[in-house]
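Undergrad: Below is the structure I would like to discuss, written out as C-alpha cells.
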Amino acid sequence: MKILANDGLDQSGIDLLTEKGFEVITTKVPQEFLAEYINEHQIKTLLVRSATQVRAELIDACPSLEIIGRGGVGMDNIDVEYARSKGIHVINTPSASSASVAELVFAHLFSGARFLQESNRQMTVLGNTDFAKLKKQYEKGIELRGKTIGIIGMGRIGQEVAKIALGLGMRVIAADNQIGKAVIKVKFYNNQFINVDIETEPLEGVLRHADFITLHVPAQNSGSMIGEKEFELMKDGVAIVNCSRGGVIDEEALISALDSGKVAFAGLDVFINEPTPSKEILSHPKISLTPHTGASTVEAQDRIGISLADQICSILQVH
C-alpha cells in the first residue's frame with residue numbers, strides 16, 4: 001500500500017511504516033497536481049500537516065483514498081465530515097505536539113518580557129558603539145513569576161501552557177466554552193507531582209484580569225476572536241501570544257493596540273496571510289515572530305510520526 005506524506009513525515013514514522021510493508025512517498029506534490037498524482041500512483045493514505053488542503057473536490061476526485069491523516073491537532077484544512085461520509089478514515093495526532101507549542105508560547109513571552117526580539121536586532125548593529133544606550137533602553141524588563149496568565153482555550157495545548165505557568169509561579173485563569181474545569185497535573189523530574197484545579201470563566205473576565213494572554217482555539221468562521229472591542233477590555237500594558245491559527249487576532253487592531261501602548265508586546269507564530277504575512281506585522285518592533293513552527297521540534301515530529309504510523313497500522317489491522 002502506498003502512503004503519500006505530502007507535507008513530510010519524521011523518519012521514525014517512515015521507518016515504522018516501511019517495516020510493516022508500506023511504501024512511503026515524501027515527494028511534495030503541488031496542490032493543483034495532487035489529485036492527478038494520487039490517482040496515478042493509487043495512493044490509499046494521504047498524510048498532511050497544515051499546508052496541503054484536503055477539500056471535498058479532492059476527495060471526490062480520488063476514489064483510492066482510504067485514510068487521511070493530519071500530523072498535528074487542528075484539522076481545518078480537511079473536510080473531515082465529508083471525508084468520513086465517504087467512508088474514509090480521518091486521523092490526527094492531538095497530543096503529540098502539545099508540549100512543543102506550549103514551550104514556544106513561553107519563548108515568545110520571555111522574548112517580549114525582556115525585549116529579546118528587539119534587542120537582538122539592535123545589538124548586531126549598535127552593540128559595539130552604543131552598548132550603554134542599549135543597556136538603558138532595555139533595562140525595564142518584567143518577570144513572569146507572580147503575574148496572571150489568561151489562557152483562551154483549555155484543550156491539550158492550553159493545559160500544557162497551564163503546567164508551565166504554574167511551574168513558573170504564575171496565577172492561571174482560563175476561558176473555554178466547552179470545558180468547565182481542568183485538572184492540571186504538574187510533574188517534576190523526580191516523579192513527584194501536584195494537581196491544580198482550574199475553573200474556566202467567561203472570556204470577558206479573562207480579558208480584563210490577565211497580564212498575559214495566550215490563544216489556543218481553532219480557526220474562526222466568523223471573523224476574529226480578538227479585535228478592537230476585546231483589546232479595549234484588556235489591562236493597559238497587557239501582552240498577547242497567538243500560536244493557534246492565523247485570523248484569531250485582528251492584525252490591524254493588534255497593531256493599533258501596540259502603537260497606542262495598550263498592548264506592551266505580542267508574539268505571533270501564525271498569521272492571516274500565510275505564507276506571506278503583512279509587512280506591518282513583520283516589521284513591528286514590539287512583535288516576536290516565528291514562521292508557524294509551534295509543533296516543529298525534533299521530539300514532537302518523532303511523536304507525530306509514530307502516532308500516525310500506529311493509527312494506520314491499527315485501522316488496516318497490520319501487525
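The values are calculated or read from the model by the stated rules, or taken from the named source; none is laboratory data. Source: prediction; values computed, not measured. Note that each Cβ is placed from the backbone with ideal geometry, even for glycine, and that neighbours are counted across all protein chains shown. Keep in mind that these areas ignore ligands, DNA and RNA; they rest on the heavy atoms of the full protein, side chains included. Shrake-Rupley method; radii C 1.70, N 1.55, O 1.52, S 1.80 Å.
Undergrad: Taking the Cα centre of each part, how many Å lie between region 213-282 and region 137-200?
TA: 20 Å
Undergrad: Also, quick follow-up: Round to a whole number: what % of the accessible area of region 126-199 belongs to carbon and sulfur, probe 1.4 Å? Before the final figure, lay out the partial values.
TA: Working: 2300 of 4680 Å².
Within region 126-199, the accessible surface is 49 percent carbon and sulfur.
Undergrad: Using Cα-Cα distances under 8 Å and only pairs 6 or more residues apart, what relative contact order does region 176-268 have, in percent?
TA: Relative contact order of region 176-268: 24 percent.
Undergrad: Would you kindly find the accessible area of residue 138, with a 1.4 Å probe and non-protein molecules such as ligands, DNA and RNA excluded, rounding to the nearest 10 Å²?
TA: 30 Å²
Undergrad: Multiply the residue gap between residue 27 and residue 259 by 0.36 nm, knock off their C-alpha separation, and tell me the result in nm, one decimal place.
TA: Details: separation 232, 0.36 × 232 = 83.52 nm, distance 4.38 nm.
Contour length minus Cα-Cα distance gives 79.1 nm.
Undergrad: Name the lysines eligible as straight-distance cross-link partners of residue 136: C-alpha to C-alpha under 28 Å, and not fewer than 8 places from it in the same chain.
TA: Reachable lysines: 147, 235, 262, 286.
Undergrad: Now a separate question. Can you tell me the order of 172-182, 305-315, 153-163 when each peptide is scored by its average per-residue count of other Cβ atoms within 10 angstrom, highest first? Write out the running numbers ahead of the final one.
TA: Working: 172-182: 17.1, 305-315: 19.6, 153-163: 23.8.
For the peptides 172-182, 305-315, 153-163, the packing ranking is 153-163, 305-315, 172-182.
Undergrad: Taking amide H positions as placed in the peptide plane 1.01 Å from N, state which residues far from residue 241 in sequence (5 or more) or on other chains have amide H under 5 Å from it.
TA: 213, 214, 215, 267
Undergrad: Roll a 1.4 Å probe over the protein chains and send me the accessible area per residue for the chain in Å². Walk me through the numbers on the way to the answer.
TA: Working: 15970 Å² over 319 residues.
Heavy-atom SASA per residue in the chain reads 50 Å².
Undergrad: What ³J(HN,Hα) values, in whole Hz, does the Karplus curve 6.51 cos²θ - 1.76 cosθ + 1.60 give for region 78-95 when θ = phi - 60°, with x put for Gly and Pro?
TA: After applying 6.51 cos²θ - 1.76 cosθ + 1.60, I find 10, 7, 4, 5, 5, 4, 5, 5, 9, x, 8, 6, 10, 10, 8, 10, x, 10 Hz.
Undergrad: Follow-up question, since we're still on this one. Tell me the carbon and sulfur percent of the accessible area for region 54-102, rounded to whole percent, probe radius 1.4 Å. Walk me through the intermediate numbers first.
TA: Numbers: 940 of 1830 Å².
C and S fraction of accessible area: 51 percent.
Undergrad: Specify which residue in the list 307, 297, 212 is farthest towards the positive end of the charge dipole of the chain, using unit charges on the beta carbon of Lys, Arg (+1) and Asp, Glu (-1), about the Cα centre.
TA: 212
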